[in-house]
Amino acid sequence: MSCNQSYFPKSRPRRLRANPVLRSMVRENHLRVEDLIYPMFVADGQGVRNPVSSMPEVFQLSIDELLKELEEVVELGIPCIDLFGVPEKKDTTGQLAVEDGGLIQQAIQAIKKRFPQLLVMTDICLCEWLEHGHCGLTGGPDGHEIDNDRTLPVLAQMALSHARAGADIVSPSDMMDGRVAAIRSILDDNGFGNIPIMAYSAKFASSFYGPFRDAAQGTPQFGDRTTYQMDPANGREAVREALLDISEAADFVMVKPALPYLDIIWRVRSESPVPVVAYNVSGEYAMAWAAHNNGWLDLEKVMMEMLLGIKRAGADLILTYFAKRVARLLRNQR
Ligand code: PBG
(Lines give C-alpha, C1' and ligand atoms only; values in the text may rest on other atoms or scores of the structure.)
Protein backbone atom coordinates (compact mmCIF):
# COMPACT_ATOMS: atom_id res chain seq x y z
CA MET A 1 0.00 0.00 0.00
CA SER A 2 1.45 3.38 -0.92
CA CYS A 3 1.32 6.26 1.58
CA ASN A 4 -1.65 8.01 0.01
CA GLN A 5 -3.89 4.94 0.09
CA SER A 6 -4.11 5.02 3.91
CA TYR A 7 -7.38 5.40 5.80
CA PHE A 8 -6.73 9.15 6.21
CA PRO A 9 -5.53 9.82 2.69
CA LYS A 10 -4.62 13.49 3.32
CA SER A 11 -2.83 12.95 6.61
CA ARG A 12 0.93 13.59 6.50
CA PRO A 13 2.69 13.63 9.91
CA ARG A 14 5.85 14.91 8.23
CA ARG A 15 4.19 18.30 7.66
CA LEU A 16 4.82 19.10 11.33
CA ARG A 17 8.49 18.06 11.14
CA ALA A 18 9.46 20.43 8.35
CA ASN A 19 11.61 22.86 10.35
CA PRO A 20 13.03 23.36 13.84
CA VAL A 21 10.51 26.01 14.84
CA LEU A 22 7.56 23.81 13.99
CA ARG A 23 9.18 20.81 15.63
CA SER A 24 9.74 22.72 18.80
CA MET A 25 6.12 23.98 18.81
CA VAL A 26 4.72 20.46 18.67
CA ARG A 27 7.23 18.86 21.05
CA GLU A 28 5.24 16.94 23.66
CA ASN A 29 7.80 16.42 26.43
CA HIS A 30 10.65 18.46 27.82
CA LEU A 31 13.56 17.93 30.11
CA ARG A 32 14.11 20.87 32.44
CA VAL A 33 16.81 21.54 35.00
CA GLU A 34 14.03 21.64 37.62
CA ASP A 35 13.38 17.95 36.90
CA LEU A 36 16.79 16.87 38.14
CA ILE A 37 17.98 15.50 41.47
CA TYR A 38 21.73 14.94 41.77
CA PRO A 39 22.89 11.97 43.90
CA MET A 40 26.17 12.55 45.77
CA PHE A 41 28.44 10.45 48.01
CA VAL A 42 29.72 11.92 51.27
CA ALA A 43 32.87 10.41 52.78
CA ASP A 44 34.56 10.81 56.15
CA GLY A 45 37.74 12.87 56.34
CA GLN A 46 39.10 16.07 54.82
CA GLY A 47 40.26 16.84 51.32
CA VAL A 48 38.86 13.52 50.07
CA ARG A 49 37.94 13.39 46.39
CA ASN A 50 38.03 9.71 45.38
CA PRO A 51 36.95 8.95 41.83
CA VAL A 52 34.55 6.02 41.45
CA SER A 53 36.19 3.92 38.74
CA SER A 54 32.97 2.56 37.22
CA MET A 55 31.31 5.98 37.22
CA PRO A 56 33.26 8.66 35.34
CA GLU A 57 32.91 12.19 36.82
CA VAL A 58 31.46 10.79 40.08
CA PHE A 59 33.45 11.12 43.32
CA GLN A 60 33.27 10.21 46.98
CA LEU A 61 33.67 13.63 48.58
CA SER A 62 34.46 14.71 52.12
CA ILE A 63 32.27 17.55 53.37
CA ASP A 64 34.80 20.29 52.50
CA GLU A 65 35.14 18.97 48.95
CA LEU A 66 31.40 18.51 48.65
CA LEU A 67 30.86 22.18 49.43
CA LYS A 68 33.27 23.11 46.61
CA GLU A 69 31.44 20.82 44.21
CA LEU A 70 28.12 22.37 45.20
CA GLU A 71 29.21 25.81 43.98
CA GLU A 72 28.78 24.54 40.45
CA VAL A 73 25.66 22.50 41.20
CA VAL A 74 23.92 25.56 42.62
CA GLU A 75 25.23 27.83 39.90
CA LEU A 76 23.80 25.48 37.27
CA GLY A 77 20.36 25.75 38.88
CA ILE A 78 20.04 22.11 39.95
CA PRO A 79 17.35 22.35 42.63
CA CYS A 80 17.99 19.29 44.77
CA ILE A 81 20.73 16.83 45.76
CA ASP A 82 20.44 13.38 47.34
CA LEU A 83 23.08 12.45 49.90
CA PHE A 84 24.48 8.94 50.42
CA GLY A 85 27.00 8.21 53.17
CA VAL A 86 30.33 6.45 52.76
CA PRO A 87 31.32 6.15 56.43
CA GLU A 88 34.69 4.73 57.52
CA LYS A 89 33.11 2.83 60.41
CA LYS A 90 30.18 0.42 60.19
CA ASP A 91 28.53 -1.69 62.89
CA THR A 92 25.76 -4.25 63.31
CA THR A 93 23.11 -1.98 64.87
CA GLY A 94 22.89 1.02 62.56
CA GLN A 95 23.59 3.41 65.44
CA LEU A 96 26.17 5.30 63.36
CA ALA A 97 23.40 6.27 60.95
CA VAL A 98 21.17 7.87 63.58
CA GLU A 99 23.64 9.90 65.65
CA ASP A 100 23.00 13.60 65.73
CA GLY A 101 26.64 14.50 65.03
CA GLY A 102 27.06 11.80 62.36
CA LEU A 103 28.55 12.16 58.90
CA ILE A 104 25.34 12.88 56.99
CA GLN A 105 23.96 15.06 59.77
CA GLN A 106 27.14 17.19 59.65
CA ALA A 107 27.00 17.35 55.89
CA ILE A 108 23.39 18.55 55.91
CA GLN A 109 24.20 21.29 58.42
CA ALA A 110 27.23 22.49 56.46
CA ILE A 111 25.33 22.50 53.16
CA LYS A 112 22.24 24.27 54.47
CA LYS A 113 24.42 26.91 56.11
CA ARG A 114 26.29 27.67 52.89
CA PHE A 115 23.49 27.07 50.33
CA PRO A 116 20.17 27.61 52.11
CA GLN A 117 18.20 27.56 48.85
CA LEU A 118 19.49 24.15 47.69
CA LEU A 119 17.13 21.32 48.67
CA VAL A 120 18.94 18.58 50.53
CA MET A 121 17.37 15.16 50.30
CA THR A 122 18.90 12.25 52.23
CA ASP A 123 18.98 8.52 51.68
CA ILE A 124 17.30 6.57 54.49
CA CYS A 125 18.70 3.04 54.42
CA LEU A 126 21.09 1.03 56.55
CA CYS A 127 23.22 -0.71 53.89
CA GLU A 128 25.94 1.92 53.97
CA TRP A 129 26.10 1.76 57.78
CA LEU A 130 25.95 -1.97 58.53
CA GLU A 131 28.96 -4.30 58.34
CA HIS A 132 27.05 -6.91 56.34
CA GLY A 133 25.79 -4.39 53.77
CA HIS A 134 22.11 -5.34 53.88
CA CYS A 135 19.45 -2.64 53.99
CA GLY A 136 17.97 -3.83 57.29
CA LEU A 137 19.01 -5.38 60.60
CA THR A 138 19.51 -9.11 60.50
CA GLY A 139 18.36 -11.93 62.76
CA GLY A 140 16.86 -15.41 62.60
CA PRO A 141 18.49 -18.79 63.30
CA ASP A 142 21.57 -18.22 61.12
CA GLY A 143 21.64 -14.43 61.56
CA HIS A 144 21.02 -14.01 57.84
CA GLU A 145 17.34 -13.07 57.82
CA ILE A 146 16.36 -9.45 57.33
CA ASP A 147 14.32 -8.40 60.37
CA ASN A 148 11.75 -6.01 58.91
CA ASP A 149 10.10 -4.81 62.10
CA ARG A 150 13.26 -4.34 64.15
CA THR A 151 14.62 -2.19 61.29
CA LEU A 152 11.70 0.25 61.21
CA PRO A 153 12.48 2.22 64.38
CA VAL A 154 16.12 2.62 63.31
CA LEU A 155 15.09 3.98 59.90
CA ALA A 156 12.62 6.30 61.61
CA GLN A 157 15.32 7.59 63.99
CA MET A 158 17.65 8.10 61.05
CA ALA A 159 15.03 10.20 59.24
CA LEU A 160 14.37 12.22 62.40
CA SER A 161 18.06 12.98 62.93
CA HIS A 162 18.34 14.13 59.30
CA ALA A 163 15.29 16.36 59.71
CA ARG A 164 16.80 17.82 62.90
CA ALA A 165 20.00 18.57 61.02
CA GLY A 166 17.99 20.46 58.39
CA ALA A 167 17.20 17.95 55.62
CA ASP A 168 14.43 19.14 53.29
CA ILE A 169 13.24 15.72 52.06
CA VAL A 170 13.90 12.19 53.35
CA SER A 171 14.07 9.29 50.94
CA PRO A 172 13.80 5.71 52.24
CA SER A 173 15.44 3.24 49.83
CA ASP A 174 15.48 0.17 52.09
CA MET A 175 12.25 -1.55 50.87
CA MET A 176 11.15 -2.68 54.35
CA ASP A 177 7.35 -2.92 54.64
CA GLY A 178 5.80 -0.14 56.70
CA ARG A 179 8.75 2.23 56.73
CA VAL A 180 6.91 5.17 55.21
CA ALA A 181 4.32 5.03 58.01
CA ALA A 182 7.02 4.68 60.66
CA ILE A 183 8.97 7.66 59.30
CA ARG A 184 5.83 9.80 58.85
CA SER A 185 4.73 9.29 62.42
CA ILE A 186 8.10 10.03 64.03
CA LEU A 187 8.49 13.18 61.92
CA ASP A 188 4.97 14.34 62.76
CA ASP A 189 5.40 13.64 66.48
CA ASN A 190 8.55 15.76 66.56
CA GLY A 191 7.35 18.85 64.75
CA PHE A 192 8.54 17.89 61.27
CA GLY A 193 5.10 17.50 59.73
CA ASN A 194 6.20 19.56 56.73
CA ILE A 195 9.13 17.36 55.68
CA PRO A 196 8.13 15.32 52.60
CA ILE A 197 8.96 11.64 52.11
CA MET A 198 10.16 10.46 48.72
CA ALA A 199 9.64 6.70 48.86
CA TYR A 200 11.52 4.21 46.72
CA SER A 201 8.27 2.37 46.14
CA ALA A 202 9.07 0.06 43.24
CA LYS A 203 12.72 -0.71 43.77
CA PHE A 204 13.74 -3.80 41.86
CA ALA A 205 16.43 -6.35 42.78
CA SER A 206 18.54 -5.17 39.86
CA SER A 207 21.99 -5.87 38.48
CA PHE A 208 22.16 -2.24 37.39
CA TYR A 209 23.24 -1.16 40.90
CA GLY A 210 26.74 -2.62 40.58
CA PRO A 211 28.67 0.64 40.10
CA PHE A 212 26.75 2.30 42.96
CA ARG A 213 27.87 -0.45 45.28
CA ASP A 214 31.47 0.49 44.40
CA ALA A 215 30.65 4.12 45.10
CA ALA A 216 28.80 3.59 48.37
CA GLN A 217 30.63 0.46 49.49
CA GLY A 218 27.39 -1.30 50.36
CA THR A 219 27.67 -4.70 48.70
CA PRO A 220 25.91 -7.38 50.79
CA GLN A 221 28.46 -9.69 52.42
CA PHE A 222 26.11 -12.68 52.21
CA GLY A 223 23.04 -13.49 50.12
CA ASP A 224 21.38 -10.86 47.97
CA ARG A 225 18.54 -8.36 48.22
CA THR A 226 15.81 -10.50 46.64
CA THR A 227 13.84 -10.93 49.89
CA TYR A 228 13.16 -7.20 50.07
CA GLN A 229 13.70 -5.66 46.63
CA MET A 230 11.19 -6.50 43.89
CA ASP A 231 11.31 -9.26 41.31
CA PRO A 232 12.12 -7.67 37.91
CA ALA A 233 9.33 -9.77 36.38
CA ASN A 234 6.56 -8.01 38.32
CA GLY A 235 4.54 -5.02 37.14
CA ARG A 236 1.25 -5.31 39.02
CA GLU A 237 3.13 -5.63 42.29
CA ALA A 238 4.90 -2.33 41.58
CA VAL A 239 1.53 -0.59 41.45
CA ARG A 240 0.63 -2.28 44.74
CA GLU A 241 3.84 -1.03 46.37
CA ALA A 242 3.24 2.52 45.13
CA LEU A 243 -0.38 2.59 46.35
CA LEU A 244 0.69 1.19 49.71
CA ASP A 245 3.33 3.90 50.13
CA ILE A 246 0.80 6.55 49.11
CA SER A 247 -1.62 5.18 51.72
CA GLU A 248 1.18 5.63 54.28
CA ALA A 249 1.43 9.29 53.15
CA ALA A 250 4.41 9.14 50.79
CA ASP A 251 4.66 12.51 49.03
CA PHE A 252 6.50 11.11 46.01
CA VAL A 253 6.78 7.55 44.71
CA MET A 254 9.87 6.31 42.94
CA VAL A 255 10.56 3.64 40.34
CA LYS A 256 14.09 2.28 40.19
CA PRO A 257 15.97 1.51 37.93
CA ALA A 258 14.47 3.61 35.12
CA LEU A 259 15.38 2.38 31.63
CA PRO A 260 14.44 -1.32 31.85
CA TYR A 261 11.29 -0.28 33.78
CA LEU A 262 9.69 2.42 31.59
CA ASP A 263 6.44 0.45 31.56
CA ILE A 264 6.43 0.51 35.36
CA ILE A 265 6.90 4.29 35.36
CA TRP A 266 3.94 4.53 32.99
CA ARG A 267 1.74 2.23 35.09
CA VAL A 268 2.61 3.88 38.39
CA ARG A 269 2.05 7.29 36.81
CA SER A 270 -1.42 6.34 35.66
CA GLU A 271 -2.42 5.13 39.15
CA SER A 272 -0.60 7.65 41.33
CA PRO A 273 -2.03 10.96 42.55
CA VAL A 274 1.44 12.03 43.77
CA PRO A 275 4.51 12.94 41.68
CA VAL A 276 6.41 10.02 40.18
CA VAL A 277 10.18 9.95 40.34
CA ALA A 278 12.55 7.71 38.39
CA TYR A 279 16.10 6.79 39.35
CA ASN A 280 18.45 6.63 36.36
CA VAL A 281 20.80 4.32 38.23
CA SER A 282 24.54 3.81 38.29
CA GLY A 283 24.51 0.90 35.79
CA GLU A 284 22.56 2.95 33.25
CA TYR A 285 25.10 5.75 33.68
CA ALA A 286 28.06 3.37 33.42
CA MET A 287 26.69 1.71 30.26
CA ALA A 288 26.36 5.01 28.44
CA TRP A 289 29.88 6.04 29.48
CA ALA A 290 31.41 2.68 28.57
CA ALA A 291 29.90 2.77 25.08
CA HIS A 292 31.03 6.37 24.67
CA ASN A 293 34.57 5.54 25.78
CA ASN A 294 34.68 2.84 23.11
CA GLY A 295 33.59 5.35 20.50
CA TRP A 296 30.33 3.46 19.99
CA LEU A 297 27.77 6.08 21.05
CA ASP A 298 27.60 9.84 21.47
CA LEU A 299 27.42 10.32 25.25
CA GLU A 300 25.42 13.54 25.42
CA LYS A 301 22.93 12.61 22.71
CA VAL A 302 22.33 9.24 24.35
CA MET A 303 22.05 10.90 27.76
CA MET A 304 19.38 13.33 26.57
CA GLU A 305 17.44 10.64 24.71
CA MET A 306 17.46 8.34 27.75
CA LEU A 307 16.29 11.06 30.11
CA LEU A 308 13.64 12.37 27.75
CA GLY A 309 12.39 8.80 27.35
CA ILE A 310 12.08 8.53 31.13
CA LYS A 311 10.05 11.75 31.20
CA ARG A 312 7.86 10.62 28.30
CA ALA A 313 7.15 7.41 30.23
CA GLY A 314 5.65 9.63 32.92
CA ALA A 315 8.35 10.59 35.40
CA ASP A 316 7.96 14.05 36.92
CA LEU A 317 11.49 14.04 38.35
CA ILE A 318 14.68 12.10 37.65
CA LEU A 319 17.58 11.23 39.90
CA THR A 320 20.62 11.11 37.67
CA TYR A 321 24.41 11.23 37.88
CA PHE A 322 24.21 13.14 34.58
CA ALA A 323 22.54 16.12 36.31
CA LYS A 324 25.46 18.54 35.91
CA ARG A 325 26.04 17.62 32.26
CA VAL A 326 22.35 17.97 31.48
CA ALA A 327 22.16 21.32 33.24
CA ARG A 328 25.17 22.60 31.27
CA LEU A 329 23.73 21.38 28.01
CA LEU A 330 20.30 22.89 28.68
CA ARG A 331 21.93 26.19 29.55
CA ASN A 332 23.97 26.22 26.34
CA GLN A 333 20.88 25.48 24.26
CA ARG A 334 19.15 28.65 25.47
C1 PBG B 1 20.84 1.25 48.76
C2 PBG B 1 20.74 1.90 47.45
C3 PBG B 1 21.20 1.37 46.24
C4 PBG B 1 21.01 2.34 45.27
C5 PBG B 1 20.43 3.44 45.89
N6 PBG B 1 20.26 3.14 47.25
C7 PBG B 1 21.86 0.08 45.95
C8 PBG B 1 21.19 -1.17 46.30
O9 PBG B 1 20.01 -1.24 46.64
O10 PBG B 1 21.91 -2.16 46.24
C11 PBG B 1 21.38 2.20 43.84
C12 PBG B 1 21.62 3.46 43.11
C13 PBG B 1 22.32 3.28 41.82
O14 PBG B 1 22.65 2.17 41.37
O15 PBG B 1 22.60 4.32 41.21
N16 PBG B 1 19.73 1.24 49.52
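The values are calculated or read from the model by the stated rules, or taken from the named source; none is laboratory data. These numbers were taken from a predicted model, which means no experiment stands behind them. No Cβ is skipped: glycine too gets one built from the backbone with ideal geometry, and neighbour counts run over all protein chains shown.
The table below lists the values:
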read-out	value
In segment 115-134, the residues that are under 18 Å from Val42 (Cβ atoms) and in a loop (DSSP other than H, G, I, E, B)	Phe115, Leu118, Cys125, Leu126, Cys127, Glu128, Trp129, Gly133
Some residue of segment 115-132 being within 24 Å of Thr226 (Cβ to Cβ) and among the polar types (S, T, N, Q)	no
Residue match in segment 103-120 (condition: touching a residue at least 60 places away in the same chain (Cβ under 8 Å) and either among the charged types (D, E, K, R) or under 21 Å from Tyr285 (Cα atoms) (or both))	no
Answer residue from segment 298-332, given it is free of Cβ contacts under 8 Å to residues at least 60 places away in the same chain and over 18 Å from the mean Cα position of the chain (by Cα) and is surrounded by the fewest Cβ atoms within 10 Å (Cβ to Cβ) among those	Asn332
Verdict on Gly94 being surrounded by 11 or more Cβ atoms within 10 Å (Cβ to Cβ), under 21 Å from Leu126 (Cα atoms) and of a type outside the set (A, V, I, L, M, F, W, C)	yes
Cross-chain or 6+ apart pairs with Cβ under 6 Å, segment 197-219 first and within 20 Å of Met55 (Cβ to Cβ) and small (Gly, Ala, Ser), then assigned to a strand (DSSP E or B) and near the ligand (Cβ under 8 Å from one of its atoms)	Ala216/Phe84
Extreme residue, farthest from the ligand (Cβ to nearest atom), among residues of segment 170-183 that are touching a Leu at 6+ places or on another chain (Cβ under 7 Å), touching a residue at least 40 places away in the same chain (Cβ under 8 Å) and under 12 Å from Ala159 (Cα atoms)	Ile183
Segment 33-72: number of residues that are under 24 Å from Ala97 (Cβ atoms) and either in contact with a Cys (Cβ under 8 Å, 6 or more places away or on another chain) or not small (Gly, Ala, Ser) (or both)	24
Qualifying residue in segment 167-183 (condition: part of a helix (DSSP H, G or I), modelled with pLDDT of 95 or more, more than 21 Å from Thr138 (Cα to Cα) and among the β-branched types (Val, Ile, Thr))	no
Residue among Leu119, Leu126 that is away from the ligand (no atom under 16 Å from the Cβ) and either within 17 Å of the chain's Cα centre (by Cα) or acidic (Asp, Glu) (or both)	Leu119
Residues of segment 242-272 that turn out to be over 19 Å from Ala156 (Cα atoms) and of a type in the set (Asp, Glu), as a count	2
From Arg328, Arg269, residue being over 22 Å from Ala233 (Cα atoms) and basic (Lys, Arg)	Arg328
Sole residue being over 24 Å from Ala182 (Cα atoms) and out of contact with any Pro (no Cβ under 6 Å at 6 or more places or on another chain), chosen from Thr219, Thr227	Thr219
Any hit, segment 153-162, residues being assigned to a loop (DSSP other than H, G, I, E, B), more than 14 Å from the ligand (Cβ to nearest atom) and either crowded, with 24+ Cβ neighbours inside 10 Å or basic (Lys, Arg) (or both)	no
Subset of segment 133-142 that is more than 17 Å from the chain's Cα centre (by Cα) and within 14 Å of Arg225 (Cβ to Cβ) - its residue that is farthest from the ligand (Cβ to nearest atom)	Thr138
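For (1) within 16 Å of the ligand (Cβ to nearest atom); (2) basic (Lys, Arg); (3) at pLDDT below 95; (4) surrounded by fewer than 20 Cβ atoms within 10 Å (Cβ to Cβ), each residue gets a yes or a no:
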position	(1), (2), (3), (4)
Cys3	no, no, yes, yes
Phe8	no, no, yes, yes
Arg12	no, yes, yes, yes
Val21	no, no, no, yes
Val26	no, no, no, yes
Arg32	no, yes, no, yes
Ile37	yes, no, no, no
Gly45	no, no, no, yes
Glu72	no, no, no, yes
